[in-house]
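Okay, so here's the structure we're looking at.
The values are calculated or read from the model by the stated rules, or taken from the named source; none is laboratory data. Owing to the predicted nature of the structure, the values given are computational and were not obtained by experimental measurement. Cβ coordinates were reconstructed from backbone atoms using ideal geometry, including for glycine residues, and neighbour counts include every protein chain displayed.
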Amino acid sequence: MTKNPQSASSAGDSSKTRKSIITKMNPNYSNYKLHAKMAAMEKYINIDKLIDGDKNSIKQIRSYYRINNWAYRRYHSQDGFMHFRVSPNGCFTDEDIYYQPDCVSEFIKPNSVVMELGFGQGANLLYLAHCHPEARFIGVDLSPLKKKGKDIPSNVTTYELDYNDLSQFSDNSVDVMYAFETIVHNSHKEKVYSEVHRVLKPGGVIIVFDYALASRLETYDAVVQKAIAVTSKGGASAMIESQEELNDCYVKCGLKVEKCVNHTRATLPDLKRLERKAAKILERPKLARLLFWLLPDQFVSNIVIGYLGYDGGNAGVGAYWEWVLRKP
Ligand SMILES: C[S@@+](CC[C@H](N)C(=O)[O-])C[C@H]1O[C@@H](n2cnc3c(N)ncnc32)[C@H](O)[C@@H]1O
């Protein structure tokens, strides 16, 4: 389950070292496919309905996960992980799901206090708590941890709360924080990272894996902007920002960017797998129309995101990043 230590320490684009042996779809073709898929979907799905209005209030984020939890278990990970697999050698393996928690592991010492923001179904929290029985783990999410069928070790405590307000936790009290694919939901990221900065001990770190655009939104054409909007808002997220905007936010909140790695290439095998599943519905217009008439919008948008994700990543629009941010 431990990832290749060489890939862990490499900075820059994680695909570069193996580029010569990995085949890759031409990004221009993905750009064409993104446009073609949007045009086809507009004929039988009301994309504007999935985009319009405020979609990432706390109530809507909760509802999105309530509706989609089943799909995450069924199509993403039976073990309850909800993040993408990072496959540094370009081949999908189920074990690539451990890439992110294994990155966090490297920062945990005996007696560390560790906090996960947005623990989802609790898979990272329980995995790391079993691996590090002498550290103490705190998990925060909008929904409580579902305990049925889980072996919850005594070094884990979970809280049902919005991490925009961590006032229950003292200043300078946590050694290691981590957040996988969760802060993207929040419109007020400076608020979140100011709380992170307050709660971290001096010298403490937060490890973040999340999506960011390769360039600012306004640099893309209208169709791509719409694909970004349906991916963001359909997934109960804020409009996805660029890596540059996020880096500015971290620095403003007093955090030092110690590592910033683009893992997009390594997520493509997982994105391709999900695209194939979504295509089984979306490339059959009659079936798609029927299902979309029957199913809630937040379920539909999850399928649309799965359909667009691979081409968005391969075309160089959306990107998947790892940050290590330190409180000086
Ligand atoms: C994509 S899931 C990721 C779960 C987990 N990090 C993983 O990798 O398996 C995002 C989670 O973040 C939580 N979340 C989003 N915004 C939140 C907030 N403001 N406060 C607490 N949890 C939040 C959601 O409830 C959801 O469980």
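Looking for something within 16 Å of the ligand (Cβ to nearest atom), surrounded by 19 or more Cβ atoms within 10 Å (Cβ to Cβ) and not in a helix (DSSP H, G or I) - is there at least one such residue anywhere in the range 27-46? No: zero hits. One residue alone among 176, 196, 192, 184 is surrounded by 14 or more Cβ atoms within 10 Å (Cβ to Cβ), in a strand (DSSP E or B) and either within 18 Å of the chain's Cα centre (by Cα) or within 15 Å of the ligand (Cβ to nearest atom) (or both), and that residue is 176. Determine if the range 74-85 includes at least one residue that is farther than 21 Å from residue 147 by Cβ and aliphatic (A, V, I, L, M). Taking every residue of the range 74-85 in turn, none turns out to be farther than 21 Å from residue 147 by Cβ and aliphatic (A, V, I, L, M). Within the range 141-157, being part of a strand (DSSP E or B) and either within 10 Å of the ligand (Cβ to nearest atom) or surrounded by fewer than 19 Cβ atoms within 10 Å (Cβ to Cβ) (or both) holds for 141, 157.
You will find that of 78, 121, the residue that is of a type in the set (S, T, N, Q) and crowded, with 20+ Cβ neighbours inside 10 Å is 121 and no other. When the range 48-75 is limited to residues that are touching a Leu at 6+ places or on another chain (Cβ under 8 Å) and surrounded by fewer than 19 Cβ atoms within 10 Å (Cβ to Cβ), the one that is nearest to residue 130 (Cα to Cα) turns out to be 75.
Could you tell me whether the range 273-283 includes any residue that is under 17 Å from the mean Cα position of the chain (by Cα) and within 30 Å of residue 194 (Cα to Cα)? Walk me through it before giving the result.
Pass one, the range 273-283, residues under 17 Å from the mean Cα position of the chain (by Cα): 273-275.
When the remaining residues are screened for being within 30 Å of residue 194 (Cα to Cα), the result is none.
Looking through the range 273-283, none of the residues is under 17 Å from the mean Cα position of the chain (by Cα) and within 30 Å of residue 194 (Cα to Cα).
Cβ-Cβ distances below 9 Å connect the following pairs, each with a first residue in the range 308-328 that is in a loop (DSSP other than H, G, I, E, B), a second residue that is among the aromatic types (Phe, Trp, Tyr) and modelled with pLDDT of 95 or more, and a separation of six or more residues or different chains: 315/29; 315/32; 317/220.
For (1) modelled with pLDDT under 95; (2) surrounded by 19 or more Cβ atoms within 10 Å (Cβ to Cβ); (3) assigned to a helix (DSSP H, G or I), each residue gets a yes or a no:
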{"residue": "202", "(1), (2), (3)": "no, no, no"}
{"residue": "209", "(1), (2), (3)": "no, yes, no"}
{"residue": "212", "(1), (2), (3)": "no, yes, no"}
{"residue": "218", "(1), (2), (3)": "no, no, yes"}
{"residue": "223", "(1), (2), (3)": "no, no, yes"}
{"residue": "226", "(1), (2), (3)": "no, no, yes"}
{"residue": "229", "(1), (2), (3)": "no, yes, yes"}
{"residue": "249", "(1), (2), (3)": "no, no, yes"}
{"residue": "258", "(1), (2), (3)": "no, no, no"}
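Please determine whether any residue of the range 127-137 is at pLDDT below 95 and either hydrophobic (A, V, I, L, M, F, W, C) or surrounded by 19 or more Cβ atoms within 10 Å (Cβ to Cβ) (or both).
Going through the range 127-137, the residues at pLDDT below 95 turn out to be none.
No; the residues of the range 127-137 include none that is at pLDDT below 95 and either hydrophobic (A, V, I, L, M, F, W, C) or surrounded by 19 or more Cβ atoms within 10 Å (Cβ to Cβ) (or both).
Only residues that are part of a helix (DSSP H, G or I), touching a residue at least 40 places away in the same chain (Cβ under 8 Å) and within 12 Å of the ligand (Cβ to nearest atom) were counted in the range 77-100, giving 3.
To keep it simple, each residue is scored yes or no on (1) within 19 Å of the chain's Cα centre (by Cα); (2) farther than 20 Å from residue 323 by Cα.
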residue	(1), (2)
84	yes, no
87	yes, no
101	yes, no
110	no, yes
122	yes, yes
128	yes, no
131	no, yes
134	no, yes
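Within the range 278-304, the residues that satisfy the criterion of being closer than 14 Å to residue 43 by Cα and surrounded by 14 or more Cβ atoms within 10 Å (Cβ to Cβ) are 282, 285, 288, 292, 304.
The single residue among 274, 255, 282 that is in contact (Cβ under 8 Å) with a residue 60 or more places away in the chain and closer than 17 Å to residue 83 by Cα turns out to be 274. Within the range 107-140, the set of residues being more than 16 Å from residue 81 (Cβ to Cβ) and either within 11 Å of the ligand (Cβ to nearest atom) or assigned to a loop (DSSP other than H, G, I, E, B) (or both) comprises 107, 108, 109, 110, 111, 112, 132, 133, 134, 135, 140. Checked against (1) basic (Lys, Arg); (2) in contact with a Ser or Thr (Cβ under 7 Å, 6 or more places away or on another chain); (3) farther than 13 Å from residue 318 by Cα, residue 272 passes all but condition (2).
Does residue 161 fit the bill of being of a type in the set (A, V, I, L, M) and touching a residue at least 60 places away in the same chain (Cβ under 8 Å)? No: the conditions fail for residue 161. Among the residues of the range 47-76, those identified as more than 13 Å from the ligand (Cβ to nearest atom) and part of a loop (DSSP other than H, G, I, E, B) are 52, 53, 54.
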